[in-house]
Amino acid sequence: MPFSLARPAHHELIIKKSRFIACVETVSGRDEALNRVAQLKAQHPDAAHLCWALLAGGQSAANDDGEPGGTAGRPMLEVLRHQDLDGVMASVVRYFGGVKLGAGGLVRAYTDAVAQALLTADKVARIKTQHLACSVPYALEGLVRRELEGVQAVLNSVTHASMVSLQFELPETQAAALVTRLNESGRGQLIWLDAEQGA
């Protein structure tokens, strides 16, 4: 089972006068990772390099940002893979201290910076969720809300019109049983807004 992080974790290393500032944090995908890289570049305009790696929903990326090829982004990505993480980005800001570390030294520095940050991180199991939407008569809204609370579903939106439309998400493993219960207790008055959901 893949893991994500409860909150960002940081670590700083100083190796031969170079500062390596690592951060591991959750991101939803490549776009969010690129936005985060832009923020970090703005926060560290004098940094020599901002290397990063991403594992999110099947997307992976690694960026060496001017370091010799394969000495930063890819090793950082391997640390994330080894920790079985998903929806996570690792970034390391490097302030060059004037002493070259060589390819092996760079790989160790970037790997260690990310690994040390992960030692302080709170990992949480990543639970796959399913999004569902249904419409019910007003008389059944309370019943549906109670069922959603019982499975700790997240209610994303409720629209009151001629009927009440609810959009929610819940752990994928509980979706089928919830659909069955709501179909039975709704006695045919509950309408799933996506044909596949009620099947």
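Before moving on, here are some points about what is shown:
Residue-by-condition table, conditions (1) open to solvent by 40 Å² or more (accessible area, probe 1.4 Å); (2) farther than 30 Å from residue 58 by Cβ; (3) under 27 Å from the mean Cα position of the chain (by Cα):
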{"position": "122", "(1), (2), (3)": "yes, no, yes"}
{"position": "139", "(1), (2), (3)": "yes, yes, no"}
{"position": "146", "(1), (2), (3)": "yes, yes, no"}
{"position": "151", "(1), (2), (3)": "no, no, yes"}
{"position": "163", "(1), (2), (3)": "yes, yes, no"}
{"position": "187", "(1), (2), (3)": "yes, yes, no"}
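- Whenever a residue of the stretch 47-63 is farther than 23 Å from residue 126 by Cβ, its partners that are open to solvent by 50 Å² or more (accessible area, probe 1.4 Å) and in a strand (DSSP E or B), lying with C-beta atoms within less than 8 angstrom and at least six residues away or across chains, give the pairs 47/95; 48/95; 51/63.
- Only residues that are in a strand (DSSP E or B) and farther than 24 Å from residue 55 by Cβ were counted across the stretch 120-153, and they come to 5.
- When we screen 129, 111 for residues that are within 30 Å of residue 184 (Cα to Cα) and either among the hydroxyl-bearing types (Ser, Thr, Tyr) or touching a Cys at 6+ places or on another chain (Cβ under 6 Å) (or both), the only hit is 129.
- Residue selection: residue 103 satisfies the criterion of being modelled with pLDDT of 90 or more, at negative phi, open to solvent by 50 Å² or more (accessible area, probe 1.4 Å) and more than 23 Å from the chain's Cα centre (by Cα).
- Any hit, the stretch 103-124, residues being closer than 30 Å to residue 159 by Cβ and in contact with a strand residue (DSSP E or B) (Cβ under 8 Å, 6 or more places away or on another chain): no
- Taking the stretch 8-54 as the range and being out of contact with any Gly (no Cβ under 8 Å at 6 or more places or on another chain), open to solvent by 50 Å² or more (accessible area, probe 1.4 Å), over 19 Å from residue 115 (Cα atoms) and not acidic (Asp, Glu) as the test, the residues that pass are 30, 34, 35, 38, 39, 41, 42, 43, 45.
- Residue list for the stretch 65-100, filter: under 21 Å from residue 40 (Cα atoms), open to solvent by 60 Å² or more (accessible area, probe 1.4 Å) and within 26 Å of the chain's Cα centre (by Cα): 74
The values are calculated or read from the model by the stated rules, or taken from the named source; none is laboratory data. Quick caveat: nothing in here was measured; it's all calculated off a predicted structure. Neighbour counts are summed over all protein chains in view; Cβ atoms, including those assigned to glycine, are modelled from backbone coordinates with ideal geometry. In case anyone asks, the SASA skips ligands and DNA or RNA and just uses the protein heavy atoms, side chains included. Shrake-Rupley method; radii C 1.70, N 1.55, O 1.52, S 1.80 Å.
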